[in-house]
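**Q** Questions regarding the structure given below will be posed in turn.
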Amino acid sequence: MKVMIIGNGGREHALAWKISQSPLVEKIYCIPGNGGTFNENKCENVYIDNIHDIKEFAKNNNIAFTIVGPEKYLVEGIVNEFEKDSLKIFGPDKRASMLEGSKSYAKNFAKKYNVQTPEYSVFNKLGDAIEKIKEVKYPVVIKADGLAAGKGVIIAKNYEEAEKTLYDFMENKIFEEAGKTVVIEEYIEGYEMSVFVLVDGENYKIFQTAKDHKKIFEGEKGPNTGGMGAISPHPLLNETLFENIKQKIIKPTIKGIKEEKLNYKGILFIGLMIKNNEPYLLEYNVRFGDPETQAMLPLLENDIAEIFLKTVEGKLNEVELKWKNKVSCCVVAASNGYPGKYEKGYEININTEEIVFHAGTTIKNNKLITNGGRVLSLVTMEDTLEKAQEKAYEEISKISFKGIYYRKDIGKL
């Protein structure tokens with residue numbers, strides 16, 4: 001069968017790499033793909049970017065099913081468009097995608113269905129939000145309501161930082177319309193965990209866990225990025241915590257999806273803060289994470305094309321997930337200056353046999369060239385986290401391009 005993957009990041013290359021291993025799949029169209037998918041087995045990059053043309057391509061090329069990488073297309077309703085023409089697609093529809101598309105919707109959903117989450121307030125008037133930050137306990141979390149490419153969350157240490165954030169979001173519109181409404185949320189001290197759950201509308205399966213590193217500098221300092229690295233599975237997951245996550249987060253979330261009659265057939269990415277073995281929902285994402293996907297997929301033993309097909313067809317109960325007894329470490333190599341201004345167009349040299357997933361790369365004159373902020377991800381798998389980390393840094397030193405930057409502490413707890 002033929003499969004289509006929408007997106008051009010490391011997540012999409014990882015999906016293409018894993019799907020290409022399926023004997024069920026003969027061809028993978030990457031929309032638009034990148035320098036890695038250009039050379040990936042069974043893959044072909046196709047440059048189209050609007051939902052109508054993507055749908056027409058799926059119809060004209062007899063695509064068995066489509067996987068949507070970026071949240072943007074899901075929030076814009078690509079699933080609704082595909083389902084109008086009975087095309088199979090992995091991902092939630094426009095209404096269900098509000099779980100990521102609107103922080104206030106997600107928080108209200110969580111409250112309604114007793115999903116354990118930090119206390120919060122929602123504001124769409126700057127004056128009211130300013131009054132709130134005069135009375136909150138610091139630090140406090142301020143979130144832009146809409147999509148902000150993973151950068152719309154600020155932990156304000158004091159009133160001055162909170163005030164500046166509110167003006168940036170609501171008046172200066174640094175995230176355009178995404179920041180006109182804000183969520184002001186209680187800060188919880190703990191550690192983060194990413195939990196991924198497959199949902200087919202009726203059944204669900206816990207997919208995998210991971211730890212993401214979002215800040216640009218070591219020690220989780222500096223501005224947020226899309227993610228500078230990840231490890232999987234999360235090393236601090238224990239039986240008590242896992243049970244708490246199931247009972248206090250996952251089960252009430254699935255109950256809410258069913259009761260709200262949300263059309264959800266895809267992956268649900270649950271971002272958690274863990275304090276004293278208690279999980280608190282920070283956010284929902286309605287797609288695979290990046291770079292968590294790069295860390296998770298090499299550990300999966302199943303044919304992922306079959307998993308996706310069963311999910312889309314509402315037959316997840318027929319799937320038994322199998323994982324390698326290994327730990328993975330994914331380190332992202334970025335362009336100098338990211339997540340701010342950076343230059344691109346530099347030749348990339350890769351001299352490692354380890355798994356490398358491309359993100360901001362392209363092919364020019366038969367050469368691999370940098371073409372984005374996060375350029376590529378290197379992934380290692382070993383018996384222990386320490387060995388995986390050690391090998392990752394040994395191997396990433398064999399990759400070079402002008403201005404290469406990567407954190408030296410990925411996987412540190």
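The values are calculated or read from the model by the stated rules, or taken from the named source; none is laboratory data. Since the model is a prediction, treat every value here as computed from it, not as a measurement. Methodologically, a virtual Cβ is constructed for each residue, glycine included, from the backbone with ideal geometry; neighbour enumeration extends over all protein chains shown. The area values use the complete protein model at the heavy-atom level, side chains included, leaving out ligands, DNA and RNA. Shrake-Rupley method; radii C 1.70, N 1.55, O 1.52, S 1.80 Å.
**Q** Could you run the Karplus curve 6.51 cos²θ - 1.76 cosθ + 1.60 with θ = phi - 60° over region 3-13 and give me ³J(HN,Hα) per residue in whole Hz, x for Gly and Pro?
**A** Here the 3J(HN,Hα) series is 10, 10, 10, 9, x, 9, x, x, 4, 5, 5 Hz.
**Q** Shifting gears a bit: Work out, step by step, the length gained on full extension between Asp49 and Lys398: first 0.36 nm times the residue separation, then minus their alpha carbon distance; give nm to one decimal.
**A** 122.2 nm
**Q** Compare Met381, Met4 by solvent-accessible area with a 1.4 Å probe and give them largest first, with all protein chains kept in place. Could the numbers behind the result be given before it?
**A** Numbers: Met381 55, Met4 0 Å².
Result, largest first: Met381, Met4.
**Q** Just the ratio, please: alpha-carbon radius of gyration of region 282-342 over 2.2 N^0.38 Å, N its number of residues. Please report the intermediate quantities before stating the final value.
**A** On the way: Rg = 15.8 Å, N = 61, 2.2 N^0.38 = 10.5 Å.
Cα Rg divided by the expected 2.2 N^0.38 Å: 1.51.
**Q** What does DSSP give for region 1-154 in terms of the percent of beta bridges that are antiparallel, rounded to the nearest 5?
**A** Numbers: 2 of 18 bridges.
Beta bridges within region 1-154, antiparallel portion: roughly 10 percent.
**Q** With all distinct Cα pairs included, what does the Kirkwood hydrodynamic radius of region 349-413 come out to in Å, to one decimal, could you say? It would help to have the intermediate numbers written out before the result.
**A** Numbers: mean 1/r = 0.0782 Å⁻¹.
After inverting the mean inverse Cα-Cα distance, the result is 12.8 Å.
**Q** Roughly speaking, what is the stretch gain from Asn62 to Asn351, that is 0.36 nm per residue apart minus the C-alpha to C-alpha distance, in nm to one decimal?
**A** Details: separation 289, 0.36 × 289 = 104.04 nm, distance 3.78 nm.
Taking Asn62 through Asn351 to full extension adds about 100.3 nm, to one decimal.
**Q** Still on this structure: Would you please calculate the Kirkwood hydrodynamic radius of region 242-331 over all C-alpha pairs and express it in Å, rounded to one decimal?
**A** Details: mean 1/r = 0.0666 Å⁻¹.
15.0 Å is the Kirkwood radius here.
**Q** Where nothing but the Cβ of Lys and Arg (+1) and of Asp and Glu (-1) is charged, how large is the charge dipole of the chain around its Cα centre, in debye to the nearest 20? It would help to have the intermediate numbers written out before the result.
**A** Working: 57 positive and 60 negative charges, 45 e Å.
Using Cβ point charges on Lys, Arg, Asp and Glu, the chain gives about 220 debye.
**Q** Show me, bin by bin at 10 Å from 0, the whole-percent P(r) of the chain based on Cα pairs.
**A** 5, 22, 33, 28, 11, 1
**Q** I've got another one for you. Using the C-alpha gyration tensor of region 20-136, what are the square roots of 5 times its eigenvalues, in whole angstrom, with the largest one first?
**A** In descending order, the three semi-axes are 39, 16, 14 Å.
**Q** Going by average Cβ neighbours within 10 Å, how do the peptides 86-97, 291-302 rank, with the highest at the top? Can you show the working numbers first?
**A** Details: 86-97: 21.8, 291-302: 23.8.
Output ranking for 86-97, 291-302: 291-302, 86-97.
**Q** Just from the alpha-carbon atoms, what are the Rg and Dmax of region 115-199 in angstroms?
**A** Cα only, region 115-199: 13.2, 42 Å (Rg, Dmax).
**Q** On to the next question. So if the hydrodynamic radius of region 238-286 is defined as the Kirkwood radius over C-alpha pairs, what does Stokes-Einstein give as its diffusion coefficient at 10 °C and 1.306 mPa s, in µm² per second? Kindly include the intermediate steps, with their values, before the conclusion.
**A** Values: Rh = 11.6 Å.
It comes out at roughly 137 µm²/s.
**Q** So for each of 192-203, 168-179 I average, over its residues, the number of other beta carbons within 10 Å; can you give me the resulting order with the highest mean first?
**A** On the way: 192-203: 20.1, 168-179: 16.8.
Result, highest mean first: 192-203, 168-179.
**Q** Just the Kirkwood number for region 103-164, please: inverse of mean 1/r across all distinct Cα pairs, in Å, one decimal. It would help to have the intermediate numbers written out before the result.
**A** Numbers: mean 1/r = 0.0791 Å⁻¹.
12.6 Å is the Kirkwood radius here.
**Q** Now for a separate question. I need the phi-derived Karplus couplings for region 196-213: 6.51 cos²θ - 1.76 cosθ + 1.60, θ = phi - 60°, integer Hz, Gly and Pro marked x.
**A** Here the 3J(HN,Hα) series is 10, 10, 7, 10, 10, x, 10, 9, 9, 9, 6, 7, 6, 10, 7, 10, 9, 10 Hz.
**Q** Once you have the Kirkwood Rh of region 31-84 from its Cα pairs, apply Stokes-Einstein at 37 °C and 0.692 mPa s and quote D in µm²/s. Before the final figure, lay out the partial values.
**A** Numbers: Rh = 12.1 Å.
It comes out at roughly 272 µm²/s.
**Q** From the Cα trace of region 258-388, what convex hull volume per residue do you get, rounded to a whole Å³? Intermediate results must be reported in sequence, preceding the final value.
**A** Working: hull volume 26.7 nm³, N = 131.
It comes to 203 Å³ per residue, whole-number rounded.
**Q** So for region 65-188, considering every pair of alpha-carbon atoms, how many percent are separated by more than 26 Å?
**A** Numbers: 2188 of 7626 pairs.
When every Cα pair of region 65-188 is considered, 29 percent fall beyond 26 Å.
**Q** I want to verify a result. In a Gaussian network model of the chain, Cα cutoff 10 Å, which of these has the top mean-square fluctuation: Val75, Val319, Val375?
**A** Val319
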